[in-house]
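Student: Here you go, one structure.
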Amino acid sequence: MSTEAKTVSLASGENEFVKGLGLTSATTLVMGSMIGSGIFIVSAEIARLVDSPALLIAAWLVTGFMTVTGALAYGELAAMMPHAGGQYVYLRESLGPLWGFLYGWTMYLVIQTGTIAAVGVAFGKFLGVFFHSVSSTNWIWHIAHVPPIPIGPMVLGNMDVGLNTQNLVAILIVIFLSVLNVFGVRTGAAVQNVFTFAKTAALLGLVLLGVFVGRNAQAIAANFGPNFWRNAGWSALHPVQVGVGGPIALVGTLTIIAVAQVGSLFSSDAWNNVTFTAGEVRNPKRNLPLALAVGTGAVTLLYVLANVVYLYVLPLSGIQHAPEDRVATAVFQQIFGPVGALIMAAAILVSTFGCNNGLILAGARVYYAMAKDGLFFRSAGKLHPKYHTPAHSLVMQCVWTCILCISGSYGQLLDYIIFAVLVFYILTIAGLFVLRVKRPDELRPYRAFGYPVLPAMYILLAVFIDVVLLRYKPQYTWPGLIIVLLGIPVYFLWSRRNAEVITQA
């Protein structure tokens with residue numbers, strides 16, 4: 001099947017979708033998919049790595065620049081090809097169907113489903129603050145403990161397989177939201193709007209309370225003024241452990257910021273999910289680029305301000321050694337005392353619930369688009385006859401996510417994906433350049449701001465980060481690369497099967 005034929009086929013199928021997402025819903029989908037639990041936690045690990053207030057903020061600024069720049073580039077692609085499947089379609093049309101499939105394959109196997117599972121378990125973890133019976137140690141059915149399995153720089157295994165009350169909550173949340181999203185995109189969007197407004201207000205409340213109520217004179221003295229720049233000079237050297245249990249290497253400032261991107265990039269990811277729902281966005285040629293720009297810009301600003309607040313309220317050592325890395329909880333406890341932990345837990349429950357709704361809503365549209373191309377189970381390409389949602393795709397996503405919750409492996413899978421996610425961002429933005437050459441006369445309602453400089457800067461930064469991670473954090477990189485490469489033989493098998501079906505028809 002030619003590329004042109006695929007595009008027409010997909011576009012005609014999209015006539016069955018309900019155009020239920022306006023600019024507000026599309027923007028809340030961007031923001032709601034980005035804001036999960038990461039911003040409240042990962043700054044502890046970043047602070048331990050960089051050991052500098054200035055570099056903590058720098059790590060988030062680099063992530064923010066890359067996120068907004070990437071979103072501006074995707075805006076052109078989204079306006080040019082407003083089809084269900086988003087990034088999958090952009091890769092298919094610019095670089096070829098293999099690259100689109102590898103993205104969708106990794107999405108289903110790890111990126112989307114693993115993230116949904118992890119966010120669901122985070123919901124269960126913070127629900128345990130209120131109901132102590134919800135715990136990872138309260139087993140309903142403990143199948144086995146998989147011992148640690150060292151493989152080079154990686155350690156696989158070392159996890160418990162089975163059903164406990166914490167991952168049971170995650171499974172129930174995933175099932176509930178998957179079913180909810182079967183009942184129409186407007187229903188899912190309504191839930192998304194409510195919870196995104198709520199958690200954005202909570203994050204904004206954290207910033208305002210930290211600035212006006214929680215200012216800690218000792219923390220400000222320790223983190224600002226001359227102390228702000230400690231360990232941040234160009235000649236400063238930072239220790240990094242290579243792999244798991246490997247040697248300690250001393251690296252420069254730029255390299256340590258790149259290593260620190262694992263946490264901040266993951267916390268800022270999923271902004272591209274709105275492109276998966278393009279077939280259901282009203283006036284997508286205008287609303288998709290706007291939603292991407294406004295949504296990523298707003299969240300980036302909130303993230304940077306939240307980290308400034310962390311430095312206002314806690315000394316750097318307090319951020320580095322926050323109990324269980326819950327930096328935001330430590331901030332609220334500093335402001336409100338013991339009740340602060342309950343306030344923060346409630347805010348994170350709202351945040352993770354809304355985040356998972358957005359991830360579940362958007363992810364199913366990718367498998368729908370793949371099925372339309374004959375590269376996924378055929379039933380995933382069918383819409384519900386009444387609600388016009390990809391119900392089969394939602395069910396398939398739900399089932400695999402629940403299996404990951406029980407397997408206990410989703411945490412490791414998430415560690416492995418940030419490298420692969422960045423690779424696909426690089427390829428997609430490179431596709432922007434390819435399409436400018438391949439289809440120079442095609443209508444572009446929006447052209448990427450700063451093209452070609454900003455997209456080129458994104459690619460260079462992302463390549464640098466991936467190279468650094470390959471060298472110093474191989475446990476995060478090689479497994480993700482292997483997962484992607486395993487998709488190549490699967491693609492050719494599925495393509496052959498699809499060709500045989502077409503021939504028989």
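The values are calculated or read from the model by the stated rules, or taken from the named source; none is laboratory data. The model shown is predicted, which means the values in this text are computed figures rather than measured ones. Cβ: placed from backbone, ideal geometry, glycine included. Neighbour counts: every protein chain shown.
Student: Which of the following residues is surrounded by fewer than 19 Cβ atoms within 10 Å (Cβ to Cβ), over 16 Å from Leu314 (Cβ atoms) and either in contact with a strand residue (DSSP E or B) (Cβ under 6 Å, 6 or more places away or on another chain) or at pLDDT 95 or above (or both): Pro239, Pro247? First the steps, then the outcome.
Tutor: Numbers: Pro247 fails: either in contact with a strand residue (DSSP E or B) (Cβ under 6 Å, 6 or more places away or on another chain) or at pLDDT 95 or above (or both).
Step by step, each of Pro239, Pro247 is checked, and only Pro239 is surrounded by fewer than 19 Cβ atoms within 10 Å (Cβ to Cβ), over 16 Å from Leu314 (Cβ atoms) and either in contact with a strand residue (DSSP E or B) (Cβ under 6 Å, 6 or more places away or on another chain) or at pLDDT 95 or above (or both).
Student: Quick check on Leu292: is it touching a helix residue (DSSP H, G or I) at 6+ places or on another chain (Cβ under 8 Å), modelled with pLDDT of 95 or more and crowded, with 24+ Cβ neighbours inside 10 Å?
Tutor: Working: touching a helix residue (DSSP H, G or I) at 6+ places or on another chain (Cβ under 8 Å): yes; modelled with pLDDT of 95 or more: yes; crowded, with 24+ Cβ neighbours inside 10 Å: yes.
Spelling it out, Leu292 is indeed touching a helix residue (DSSP H, G or I) at 6+ places or on another chain (Cβ under 8 Å), modelled with pLDDT of 95 or more and crowded, with 24+ Cβ neighbours inside 10 Å.
Student: Please verify whether Val304 is modelled with pLDDT of 95 or more, surrounded by fewer than 24 Cβ atoms within 10 Å (Cβ to Cβ) and over 30 Å from Arg471 (Cβ atoms), treating the condition exactly as stated.
Tutor: It is false that Val304 is modelled with pLDDT of 95 or more, surrounded by fewer than 24 Cβ atoms within 10 Å (Cβ to Cβ) and over 30 Å from Arg471 (Cβ atoms).
Student: Among the listed residues Gly381, Gly374, Gly408, which satisfies the condition of being under 22 Å from Gln112 (Cα atoms) and in contact with a strand residue (DSSP E or B) (Cβ under 6 Å, 6 or more places away or on another chain)? Walk me through it before giving the result.
Tutor: Numbers: Gly381 fails: in contact with a strand residue (DSSP E or B) (Cβ under 6 Å, 6 or more places away or on another chain); Gly374 fails: in contact with a strand residue (DSSP E or B) (Cβ under 6 Å, 6 or more places away or on another chain).
Selected residue: Gly408, the only one of Gly381, Gly374, Gly408 that is under 22 Å from Gln112 (Cα atoms) and in contact with a strand residue (DSSP E or B) (Cβ under 6 Å, 6 or more places away or on another chain).
Student: Please give the number of the condition Leu208 fails out of (1) surrounded by fewer than 19 Cβ atoms within 10 Å (Cβ to Cβ); (2) touching a residue at least 24 places away in the same chain (Cβ under 8 Å); (3) out of contact with any Cys (no Cβ under 7 Å at 6 or more places or on another chain).
Tutor: With (1) surrounded by fewer than 19 Cβ atoms within 10 Å (Cβ to Cβ); (2) touching a residue at least 24 places away in the same chain (Cβ under 8 Å); (3) out of contact with any Cys (no Cβ under 7 Å at 6 or more places or on another chain) applied to Leu208, the lone miss is (2).
Student: Now, a different point. Considering only the stretch 204-227, I want to know if a residue exists there that is of a type in the set (Phe, Trp, Tyr) and more than 28 Å from the chain's Cα centre (by Cα). Let's see the steps before the verdict.
Tutor: Here is the first cut: in the stretch 204-227, the residues of a type in the set (Phe, Trp, Tyr) are 212, 224.
Subsequent filtering for residues that are more than 28 Å from the chain's Cα centre (by Cα) retains 212, 224.
Looking through the stretch 204-227, at least one residue is of a type in the set (Phe, Trp, Tyr) and more than 28 Å from the chain's Cα centre (by Cα).
Student: I'd like to know if the stretch 160-178 contains one or more residues that are among the aliphatic types (A, V, I, L, M), touching a Ser or Thr at 6+ places or on another chain (Cβ under 7 Å) and closer than 30 Å to Lys19 by Cβ.
Tutor: Within the stretch 160-178, the first condition is being among the aliphatic types (A, V, I, L, M), and the residues that meet it are 161, 163, 168-175, 177.
Now drop any that are not touching a Ser or Thr at 6+ places or on another chain (Cβ under 7 Å), which leaves 161, 174.
If we keep only those that are closer than 30 Å to Lys19 by Cβ as well, we get 174.
The answer is yes, given that some residue of the stretch 160-178 is among the aliphatic types (A, V, I, L, M), touching a Ser or Thr at 6+ places or on another chain (Cβ under 7 Å) and closer than 30 Å to Lys19 by Cβ.
Student: Count, please, the residues in the stretch 385-406 that happen to be closer than 22 Å to Thr137 by Cβ and without any contact (Cβ under 8 Å) to a residue 40 or more places away in the chain.
Tutor: Residues in the stretch 385-406 being closer than 22 Å to Thr137 by Cβ and without any contact (Cβ under 8 Å) to a residue 40 or more places away in the chain: 1 in total.
Student: Among the residues of the stretch 72-126, what is the count of those that are within 28 Å of Lys199 (Cβ to Cβ) and among the basic types (Lys, Arg)?
Tutor: 1
Student: Would you call Asn158 out of contact with any helix residue (DSSP H, G or I) (no Cβ under 7 Å at 6 or more places or on another chain) and surrounded by 19 or more Cβ atoms within 10 Å (Cβ to Cβ)?
Tutor: Working: out of contact with any helix residue (DSSP H, G or I) (no Cβ under 7 Å at 6 or more places or on another chain): yes; surrounded by 19 or more Cβ atoms within 10 Å (Cβ to Cβ): no.
Taking the combined requirement at face value, the residue does not satisfy it.
Here's the yes/no breakdown for (1) without any contact (Cβ under 8 Å) to a residue 24 or more places away in the chain; (2) surrounded by fewer than 19 Cβ atoms within 10 Å (Cβ to Cβ); (3) touching a Pro at 6+ places or on another chain (Cβ under 8 Å):
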{"residue": "Asn167", "(1), (2), (3)": "no, no, no"}
{"residue": "Ala170", "(1), (2), (3)": "no, no, no"}
{"residue": "Ile173", "(1), (2), (3)": "no, no, no"}
{"residue": "Leu204", "(1), (2), (3)": "no, yes, no"}
{"residue": "Ala217", "(1), (2), (3)": "yes, yes, no"}
{"residue": "Arg230", "(1), (2), (3)": "no, yes, yes"}
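Student: To continue, here is another question. Among the residues of the stretch 250-289 satisfying the criterion of being of a type in the set (Phe, Trp, Tyr) and surrounded by 23 or more Cβ atoms within 10 Å (Cβ to Cβ), which is nearest to Gly70 (Cα to Cα)? Explain how you work it out, then say what you get.
Tutor: Keep residues of the stretch 250-289 that are of a type in the set (Phe, Trp, Tyr), which gives 266, 271, 276.
Okay, now just the ones that are also surrounded by 23 or more Cβ atoms within 10 Å (Cβ to Cβ), so 271, 276.
Numbers: Trp271: 9, Phe276: 16 Å.
Looking at residues that are of a type in the set (Phe, Trp, Tyr) and surrounded by 23 or more Cβ atoms within 10 Å (Cβ to Cβ), I get Trp271.
Student: Moving on to the next point. Do you know which residues across the stretch 247-278 are more than 11 Å from the chain's Cα centre (by Cα) and outside any helix (DSSP H, G or I)?
Tutor: Hits for the stretch 247-278 are Pro247, Ile248, Ala249, Leu250, Val251, Gly252, Thr277.
Student: Any idea which of Gly128, Gly100, Gly70, Gly36 is of a type outside the set (A, V, I, L, M, F, W, C), crowded, with 24+ Cβ neighbours inside 10 Å and within 30 Å of Ala219 (Cβ to Cβ)?
Tutor: Gly36
Student: Of the residues Ile46, Ile39, only one is part of a helix (DSSP H, G or I) and over 17 Å from the mean Cα position of the chain (by Cα); which?
Tutor: Details: Ile39 fails: over 17 Å from the mean Cα position of the chain (by Cα).
Sole residue among the options that is part of a helix (DSSP H, G or I) and over 17 Å from the mean Cα position of the chain (by Cα): Ile46.
Student: Kindly evaluate Ala26 against the criterion of being under 22 Å from Gly354 (Cβ atoms), surrounded by 24 or more Cβ atoms within 10 Å (Cβ to Cβ), touching a Phe, Trp or Tyr at 6+ places or on another chain (Cβ under 8 Å) and of a type outside the set (Val, Ile, Thr). I'd like the intermediate steps shown before the answer.
Tutor: Values: under 22 Å from Gly354 (Cβ atoms): yes; surrounded by 24 or more Cβ atoms within 10 Å (Cβ to Cβ): yes; touching a Phe, Trp or Tyr at 6+ places or on another chain (Cβ under 8 Å): no; of a type outside the set (Val, Ile, Thr): yes.
Here the answer is no, as Ala26 does not meet what is asked.
Student: Under the condition of being out of contact with any strand residue (DSSP E or B) (no Cβ under 7 Å at 6 or more places or on another chain) and of a type in the set (Phe, Trp, Tyr), which residue from the stretch 113-144 is modelled with the lowest pLDDT?
Tutor: Here the residue is Phe126.
Student: A further question follows. Which of the residues spanning the stretch 235-246 are in a loop (DSSP other than H, G, I, E, B) and either in contact with a Ser or Thr (Cβ under 6 Å, 6 or more places away or on another chain) or of a type outside the set (A, V, I, L, M, F, W, C) (or both)? Show your work before the answer.
Tutor: Just the residues of the stretch 235-246 that are in a loop (DSSP other than H, G, I, E, B), to begin with: 235-237, 242-246.
Across the stretch 235-246, the qualifying residues are Ser235, Ala236, Gly243, Gly245, Gly246.
Student: Scan the helices (runs of 4 or more DSSP H) fully inside the stretch 391-505 and keep the ones with 3 or more residues being among the charged types (D, E, K, R), more than 25 Å from the chain's Cα centre (by Cα) and at negative phi. Show your work before the answer.
Tutor: Details: elements: 391-407, 410-438, 453-472, 474-504.
In the stretch 391-505, the matching helices (runs of 4 or more DSSP H) lie at 474-504.
Student: I've got another one for you. Check Arg436, Arg444 and return the single one that is modelled with pLDDT of 95 or more and farther than 27 Å from Gly32 by Cα. Talk me through it step by step, then tell me what you get.
Tutor: On the way: Arg444 fails: modelled with pLDDT of 95 or more.
None of the others qualify; the one that does is Arg436.
Student: Checking the condition of a type in the set (Lys, Arg), surrounded by fewer than 19 Cβ atoms within 10 Å (Cβ to Cβ) and over 30 Å from Asn283 (Cα atoms), which residue from Arg496, Arg447 passes?
Tutor: Working: Arg447 fails: over 30 Å from Asn283 (Cα atoms).
Of the residues listed, the single one that is of a type in the set (Lys, Arg), surrounded by fewer than 19 Cβ atoms within 10 Å (Cβ to Cβ) and over 30 Å from Asn283 (Cα atoms) is Arg496.
Student: Follow-up. With respect to the numbered conditions (1) crowded, with 24+ Cβ neighbours inside 10 Å; (2) small (Gly, Ala, Ser); (3) within 15 Å of the chain's Cα centre (by Cα); (4) farther than 25 Å from Leu349 by Cβ, which one is the sole condition not fulfilled by Gly64?
Tutor: Unmet for Gly64, out of (1) crowded, with 24+ Cβ neighbours inside 10 Å; (2) small (Gly, Ala, Ser); (3) within 15 Å of the chain's Cα centre (by Cα); (4) farther than 25 Å from Leu349 by Cβ: (1).
Student: Now for a different question. Mind telling me which of the residues Ala346, Ala371, Ala341 ends up being buried (at least 22 other Cβ atoms within 10 Å of the Cβ) and of a type in the set (Gly, Ala, Ser)? Walk me through how you get there before you give the answer.
Tutor: Working: Ala346 fails: buried (at least 22 other Cβ atoms within 10 Å of the Cβ); Ala341 fails: buried (at least 22 other Cβ atoms within 10 Å of the Cβ).
Just one listed residue meets the conditions, Ala371.
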